[in-house]
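One structure below.
The values are calculated or read from the model by the stated rules, or taken from the named source; none is laboratory data. None of these values were measured; they are calculated from a predicted model. In this analysis, Cβ positions are derived from the backbone assuming ideal geometry, glycine residues included, and neighbour counts consider all displayed protein chains.
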Amino acid sequence: MTVSPQGSSPRLRFRQNPLRWLYALWKFWRPHTVIGTSLSVLGIAIIVLADGATTSVPNGLGMVGTALAACLLGNLYIVGLNQLEDIAIDRVNKPHLPLAAGEFTISDGRWIVALAGVGAVAVAAGGGRWLLGTVGLSLMIGTAYSLPPLRLKRFPFWASFCILAVRGAVVNLGLFLHFSQRLGQPLAIPGRVWALTVFILLFSIAIALFKDIPDIEGDRRYGIRTLSLHLGQRPVFNLARGLLTVGYGGMVLVGPWLAGVNRPLLIVTHLLALAALWIASFRVAPLHPHRPGATLSYPNFYQFIWKLFFLEYLIFPLACWLA
């Protein structure tokens, strides 16, 4: 190993320490996004299969595995490209990330991102036009988000738009059409999928807002104009919590009219998740410094929000399967 000029940690080489290198790759891949992407692919597949589609186990596993591989490689490309462009910012906000810490060099990061992008497109092309369109559009938006000259992450509206477009609309609708086509089902998007898509759109905006709250120092230093810088951390926190409240409340209100879902399960689980959200929000120490039990930091709460995101892709497909 050699010491990288990018940070204080020694550069990792796969042949010298494969386990540590793979762990650094896991951090580079951003584990919470890997879990979120995996659950969204599996969740949408279950929703389509809940309509009574039949397929052999090998064909079903191949269909889901192809989509999962393409989406995970696309995820690596998007988050890796963002880290390549944000090394200086991450040294302030996220010094544990491999590029910021010096575990990977810029050359390492570029190779990983390039291979991931090419691999994502190649695997998606083998899965059919809807999967290729889903992955290709996601990569294009992810590139515009991070890479100059556009670098849309500099602008609060466009930064939120990129995140909600990929996680909300492109992934849910594109994968639903992909799986429906592969299983020979009509390419018509039912109301329950639209409901999930709108919910995830709101959730994605909230994630984009929550993401910037703990990163205010690095963003200020390097000119990333987030809403947290414009309005302050507390107003943005309240705005993001309000969006999630609208999302959960809306799902509860439309639940009784959704076809193809177990309505009592859908309503009760979303009410419980909403309650958990508000209880956790009162435990955020920077907002409630004198409240007993307020032990969560902004990054802790942000990770909790991701857990609620993961939970949605367990609750909603289960409600469809049990309909």
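Side notes on the structure shown:
- If the condition is being in contact (Cβ under 8 Å) with a residue 60 or more places away in the chain and assigned to a loop (DSSP other than H, G, I, E, B), then the range 183-193 contributes LEU183, GLY184, GLN185, PRO190.
- Among the residues listed as GLY74, GLY43, the single one being in contact with an Asp or Glu (Cβ under 9 Å, 6 or more places away or on another chain), buried (at least 21 other Cβ atoms within 10 Å of the Cβ) and under 30 Å from CYS320 (Cα atoms): GLY43
- Yes/no for ARG167 being charged (D, E, K, R), touching a Ser or Thr at 6+ places or on another chain (Cβ under 9 Å) and either under 23 Å from TYR298 (Cβ atoms) or part of a helix (DSSP H, G or I) (or both): yes
- Reported count of residues in the range 298-308, each being surrounded by fewer than 18 Cβ atoms within 10 Å (Cβ to Cβ) and either over 12 Å from PHE210 (Cα atoms) or in contact with a Leu (Cβ under 6 Å, 6 or more places away or on another chain) (or both), is 1.
- Qualifying residues in the range 199-252 (those that are surrounded by fewer than 16 Cβ atoms within 10 Å (Cβ to Cβ) and small (Gly, Ala, Ser)) - the one modelled with the lowest pLDDT: GLY223
- With respect to (1) under 20 Å from SER204 (Cβ atoms); (2) at pLDDT below 95; (3) surrounded by 14 or more Cβ atoms within 10 Å (Cβ to Cβ), the lone exception for ALA294 is condition (1).
- Condition check for SER180: modelled with pLDDT of 80 or more, over 14 Å from the mean Cα position of the chain (by Cα), in a helix (DSSP H, G or I) and over 24 Å from LEU311 (Cβ atoms): yes
- Of the residues making up the range 91-145, those that are aromatic (Phe, Trp, Tyr) and within 26 Å of PHE161 (Cα to Cα) are TRP130, TYR145.
- In the range 135-165, the residues that are touching a residue at least 60 places away in the same chain (Cβ under 8 Å) and either over 30 Å from LEU231 (Cβ atoms) or buried (at least 19 other Cβ atoms within 10 Å of the Cβ) (or both): VAL135, SER138, LEU139, GLY142, TYR145, SER146, LYS153, PRO156, ALA159
- Residues in the range 14-71 that are touching a Lys or Arg at 6+ places or on another chain (Cβ under 8 Å) and of a type in the set (Gly, Ala, Ser) were compared, and the one that is nearest to GLU103 (Cα to Cα) is GLY36.
- First in the range 40-59 and of a type in the set (A, V, I, L, M), second anywhere and part of a loop (DSSP other than H, G, I, E, B), Cβ under 6 Å, 6 or more apart: ALA53/LEU183; ALA53/GLN185
- Only one of GLY109, GLY119, GLY80 that is farther than 20 Å from LYS153 by Cα and of a type in the set (Gly, Ala, Ser): GLY119
- So LEU132, is it buried (at least 21 other Cβ atoms within 10 Å of the Cβ), farther than 27 Å from PHE210 by Cα and among the hydrophobic types (A, V, I, L, M, F, W, C): no
- Listed here are the helices (runs of 4 or more DSSP H) enclosed by the range 41-135 that have at least 3 residues being hydroxyl-bearing (Ser, Thr, Tyr), and there are none.
- Given (1) surrounded by fewer than 20 Cβ atoms within 10 Å (Cβ to Cβ); (2) modelled with pLDDT of 95 or more; (3) of a type in the set (A, V, I, L, M), number of the condition LEU196 does not satisfy: (1)
- Members of the range 238-287 found to be farther than 15 Å from SER204 by Cβ and among the hydroxyl-bearing types (Ser, Thr, Tyr), listed by number: THR245, THR269, SER281
- Test for LEU272: is it closer than 30 Å to ILE213 by Cβ and without any contact (Cβ under 8 Å) to a residue 12 or more places away in the chain: yes
- Residue within the range 45-63 that is in the same structural domain as LEU137 (by TED's automatic domain parsing), among the charged types (D, E, K, R) and touching a His at 6+ places or on another chain (Cβ under 8 Å) present: no
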